[in-house]
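Novice: Below is the structure I would like to discuss, written out as structure tokens.
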Amino acid sequence: MEEESGEELGLDRSTPKDFHFYHMDLYDSEDRLHLFPEENTRMRKVVQAEMANESRGAGDGKAQRDLQEEVDELVHLYGLEDDHELGDEFVDENIPRTGVSEYPPYMMKRRDPAREQRDWRLSGEAAEAEDLGFGGWGSAGQCQDLREAYRYTHGRASEEYECYVIPEEEDEEEAADVFCVTCKTPIRAFQKVFDEHKEHEVIPLNEALESAKDEIHKNMYKLEKQIIEMENFANHLEEVFITVEENFGKQEQNFESHYNEILETLAQKYEEKIQALGEKKKEKLEALYGQLVSCGENLDTCKELMETIEEMCHEEKVDFIKDAVAMADRLGKFLKTKTDVEISAQPEFEDQTLDFSDVEQLMGSINTIPATGSSVRVCWSLYSDDTVESYQLSYRPVQDSSPGTDQAEFTVTVKETYCSVTNLVPNTQYEFWVTAHNRAGPSPSSERAVYMTAPSPPIIKTKEIRSCEEAVLICWESGNLNPVDSYTVELTQAESPEASGVTESVVGIPTCESVVQLQPGRSYIIYVRALNMGGPSVRSEPATVHTIGSYFRLNKDTCHPWLTISEDGLTAVRSERRTPARELSPSDTHFTRCVAVMGNLIPVRGHHYWEVEVDEHLDYRVGVAFADVRKQEDLGANCLSWCMRHTFASSRHKYEFLHNRTTPDIRITVPPKKIGILLDYEHSKLSFFNVDLSQHLYTFSCQLHEFVHPCFSLEKPGCLKVHNGISMPKHVTFY
Amino acid sequence: MALKQISSNKCFGGLQKVFEHDSVELNCKMKFAVYLPPKAETGKCPALYWLSEQNFISKSGYHQSASEHGLVVIAPDTSPRGCNIKGEDESWDFGTGAGFYVDATEDPWKTNYRMYSYVTEELPQLINANFPVDPQRMSIFGHSMGGHGALICALKNPGKYKSVSAFAPICNPVLCPWGKKAFSGYLGTDQSKWKAYDATHLVKSYPGSQLDILIDQGKDDQFLLDGQLLPDNFIAACTEKKIPVVFRLQEGYDHSYYFIATFITDHIRHHAKYLNA
């Protein structure tokens, strides 16, 4: 370790030119440590004193004197010849030491100064010894002597200098017993009286311990939560891993066959074009040849006429005239016939372009038909070069059970090597096989391939969506008779659905519900897809979520038989009808005694705010309770529920804030018509407000170790209405 | 008006100071305490007036809350002192220390005992001129006789105070022994003049803007049991006139500063809600 730091120190600091850095390994490590423990202290103290810019002249002088003494000691003991020089060198050491300030960062550490000191001393020596460098010590023998000298001095030093050791060393006996809040360090009580802790706030160490423990416990809870979240996330990731692999495999396969198809098509087109080109050439050549032939004939005729005319010119006059007239005729006729000197066939060929439009269409068509719930695209390839006239694709659904009932078999005949089969049943496995046909007959059938149709899209239960400012809980129906592999939730922000194009997806959801984290104050559109081996379904119908305030509905499954809940799940009505006061059988889900109903608040911590509209003359209770509160008891009558209760009797309003049957004594002069309720998990508080007056009514401090749900009860006929999705008004934020 | 600083102590990042000045209304030297929160160093803060004994500044533990919410808290004395009026020191509930926040009309009190004007006029003007406070944002609260003072100041000056609250206030002095003693001394025998300084009566004819009143009352308060405080009358009047009040009867608490210290944070938050709105 010392070597390292020695080297570090040597390397890190900008080595002054004169100092030579050399390996400390020369000196045995044990020696080094033992050499100057007291020296360390003394030197360090001196060094620190200098660092603090306190010129403790006395101290400095003392150190110098001590050093001098020690040197003298050495000199005396060993009678070193060059002792004086050596002594000077040592003494002179003090001078370079003032260069301490060049290396402040190292000086502040405990041990480093000593080492630094030693470095310097040695390097200082080297510097002094100038070009001696490493050999600056002189002979090895001298080194040995010196080491022994030091060892001896150490023995002496420990006695001499013990009393100079300032208790800055770690004294185990004097442990810290108070805690300085300002500096956040444990200190000893007496330190409070002087030093820098004079004006600081100090508390007993135990208290500090307690509060530190509290902090830690608080954080432990958060850590535990995080652990669970991370584990869940890890599991999801694993599932996504597998899905990715599978999807890759499928894509690979598809792409390969499509690519082959395209190549085939291209080859085919090439053939066709070449052939056409060849034929064109033939055409042109024939035309030209024809022209050539007629040209030749023409030429022949011309020559013949020429010869005849020449012969004529040598005849007797009478014959000449007879012939000349006939010739003139003939010539005239001949010359009248137009000689076609236009070349009938141009030598150039049109540039041949391959028409890619149908290839594009092919490529396009591969991509546009997604694997839907009711169709599958099947591709196959020919194994040999045989001539094929058509293919026959057969398929039927795969049934695991009942071999007796033969599933209907379907057949499609195509000329291509692919086919889209439609009208299939979603989320079902089908097996496919192909036979090739030509004039000779059908081929043996191919291997059976199994494809699975994608599932039908799920149906989001929009009425049961619950949300708060930071999350939404969505649940849905599968939409498929048979189980699917998993579900995917997709969400986009409503403000810019196309613009951003960013859709967040949550994949690998095993059940038909999911809690998704959201940003506050936004609107989101949510879709769900089902996923199986055949691929994803199309998107479900969308649902919209607004992350303003908290949304919940009254849960019909919990409501007392005498209460009716409105369609939108926000109004509870207790009618006037006279009902027999029969004992309702106790139930775990329905309230049987208190005419109450519970809302389904999203199980997310943080804070939630909602409002209840009531009639001034209505007897009601509004508050919260744990999901497993005993439904045979009144709200507020046990320690699992908290509520505000209003009773109106003899023209007097009475208000109680009930928990565990106790209530503080509170009078409210203006009866609230709209009650605001703030549930704060973080601060363990439940507060009630008169919304119209922005008046705070009361706050419970409640330990919420689990999630609670809003509760409402009507003690007399009447109705109350819940208002949701309201962001916390400013006056509420003070609480 | 010359202010003389008597003391200054740092507290919760702010400064608790005590000043003395010559009062015009009261014709004597008056002391008052001012707490300046850290926020006052950089800007104007709302002002909150507290009416009760000077022990408030050391015994009720309001500094942390005031510091957090950035409120300047001003605590004037309960009455003029050292006026050398005959009989002023005879009893603890009349004369020195018990000014009842009225403007006296009877001799020999009428020259000096004008606490109502002092608290509602002179002191705010002085504070506004010498300290970093926002003159538009002011609230008032108090304890016992100071509670009575806070309520009447607010009810007699609709719109002047953004909020009011009280600890164990004397709600209906016209009907309780203390009030009868004080009013007859300061205001004479004409009971109609008394009603002008009685919260319960003032509420009945309060025309003005919405007030949100918070009252805490210790259930074990001896004075409550002695019929000196009479909060029920006040509540009934407020219910009738639809003045919003939240009245909390606190089990086990008495009239002392321990009671005040327990609930002072709620009160300061109540005021901060309106002053920092």
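Novice: Taking 8 Å as the Cα distance limit and 6 or more residues as the minimum spacing, I'd like the relative contact order of the stretch B:1-134 as a percentage. If you can, show how the numbers build up before the last one.
Specialist: Working: 252 pairs, mean separation 31.4, N = 134.
Normalised by residue count, the contact order of the stretch B:1-134 is 23 percent.
Novice: Over both sides of the B-A contact, add up the buried accessible area with a 1.4 Å probe and give it to the nearest 100 Å².
Specialist: Numbers: alone 11440 and 44560 Å², together 54280 Å².
Buried area between the two chains comes out at roughly 1700 Å².
Novice: Identify the chymotrypsin sites (Phe, Trp or Tyr not before Pro) of the stretch A:440-543 meeting these criteria: DSSP loop state and at most 11 other C-beta atoms within 10 Å of the C-beta. Display every interim value, and only then the final one.
Specialist: Values: sites: A:451, A:476, A:487, A:524, A:527; in loops: none.
In loop regions of the stretch A:440-543 (DSSP not H, G, I, E or B), there are no sparsely surrounded chymotrypsin sites (Phe, Trp or Tyr not before Pro).
Novice: Carbon and sulfur: what percent of the stretch B:72-180's accessible surface (1.4 Å probe)? Before the final figure, lay out each step's value.
Specialist: Numbers: 1590 of 3410 Å².
Here carbon and sulfur together make up 47 percent of the probe-accessible area.
Novice: Modelled label-to-label distance, residue A:382 and residue B:110, 7 Å Cα→beta-carbon offset: nm?
Specialist: 12.7
Novice: Check cross-link reach from residue A:415 to the lysines: straight Cα distance under 27 Å, and skip same-chain residues fewer than eight apart.
Specialist: Partners found: A:250, A:269, A:273.
Novice: Another question, if that's okay. Arrange the peptides A:229-237, A:461-469, A:655-663, A:697-705 so that the one whose residues have, on average, the most other Cβ atoms within 10 Å appears first. Intermediate values should be presented prior to the final figure.
Specialist: On the way: A:229-237: 10.9, A:461-469: 19.0, A:655-663: 16.6, A:697-705: 14.9.
So the order, starting with the most tightly packed, is A:461-469, A:655-663, A:697-705, A:229-237.
Novice: I want to check a number: in the stretch B:1-107, how many lysine pairs have alpha carbons closer than 20 Å, given a sequence separation of 8 or more or different chains?
Specialist: Lysine pairs meeting both conditions in the stretch B:1-107 amount to 14.
Novice: Just subtract the alpha-carbon distance of residue A:544 and residue A:292 from 0.36 nm times their residue separation and send over the number in nm, one decimal.
Specialist: Stretched out fully, the residue A:544 to residue A:292 stretch lengthens by 82.5 nm.
Novice: Something else about it: Check residue A:494: other-chain or 5+ apart residues with amide H under 5 Å from its amide H, H built from backbone geometry?
Specialist: When sequence neighbours closer than 5 places are left aside, the close amide H contacts are A:523, A:524, A:525.
Novice: Averaged over its residues, how many other protein chain Cβ atoms are within 10 Å of peptide B:245-252's Cβ atoms?
Specialist: Numbers: counts 5, 11, 5, 6, 4, 3, 3, 0.
Per-residue shielding by partner chains comes out at 5.
Novice: Please report the carbon-and-sulfur percent of the accessible area for the stretch A:620-735; probe 1.4 Å, protein heavy atoms only, DNA, RNA and ligands left out. Let's see the in-between values first.
Specialist: Values: 2190 of 4530 Å².
The nonpolar share, carbon plus sulfur, comes to 48 percent.
Novice: Accessible area per residue for the stretch A:684-735 in Å², computed with a 1.4 Å probe and the full protein assembly in place, what is it? Numbers along the way, then the final one.
Specialist: Details: 1980 Å² over 52 residues.
So the stretch A:684-735 comes to 38 Å² accessible per residue, rounded to a whole number.
Novice: Charges only on Cβ, +1 for Lys and Arg, -1 for Asp and Glu: so what's the dipole of the stretch B:57-181 about the Cα centre, in debye to the nearest 20? Present the calculation step by step, with values, prior to reporting the outcome.
Specialist: On the way: 11 positive and 12 negative charges, 58 e Å.
That gives a dipole near 280 debye.
Novice: What ranking do A:428-435, A:208-215 get when scored by the average of other Cβ atoms within 10 Å per residue, highest first? Write out the running numbers ahead of the final one.
Specialist: Details: A:428-435: 19.2, A:208-215: 12.2.
Peptide ranking by packing, descending: A:428-435, A:208-215.
Novice: Within 10 Å of each Cβ in A:690-701, how many Cβ atoms from other chains are there, averaged over the peptide? Display every interim value, and only then the final one.
Specialist: Numbers: counts 3, 0, 1, 3, 6, 9, 7, 1, 2, 1, 0, 0.
Neighbouring Cβ atoms belonging to other protein chains average 3 per residue here.
Novice: Right, another one. Testing the spin-label approximation: label points 7 Å from Cα along Cα→Cβ at residue B:5 and residue A:348. State their distance in nm.
Specialist: Those two pseudo-labels are separated by 10.2 nm.
Novice: Rolling a 1.4 angstrom probe over the protein heavy atoms, how many square angstrom per residue are accessible across the stretch B:77-126? Spell out each step's value before the answer.
Specialist: On the way: 2060 Å² over 50 residues.
In whole numbers, the stretch B:77-126 has 41 Å² accessible per residue.
Novice: Residues of the stretch A:646-683 losing 20 Å² or more of accessible area relative to the isolated chain, 1.4 Å probe, heavy atoms only?
Specialist: Listed in order, they are A:665, A:666, A:667, A:669, A:670.
The values are calculated or read from the model by the stated rules, or taken from the named source; none is laboratory data. From a predicted model like this one, the values you see are computed outputs, not experimental measurements. Positions of Cβ are backbone-derived with ideal geometry, glycine not excepted, and every protein chain shown enters the neighbour counts. Just the protein is used for accessible areas: all its heavy atoms, side chains included, with ligands, DNA and RNA removed. Shrake-Rupley method; radii C 1.70, N 1.55, O 1.52, S 1.80 Å.
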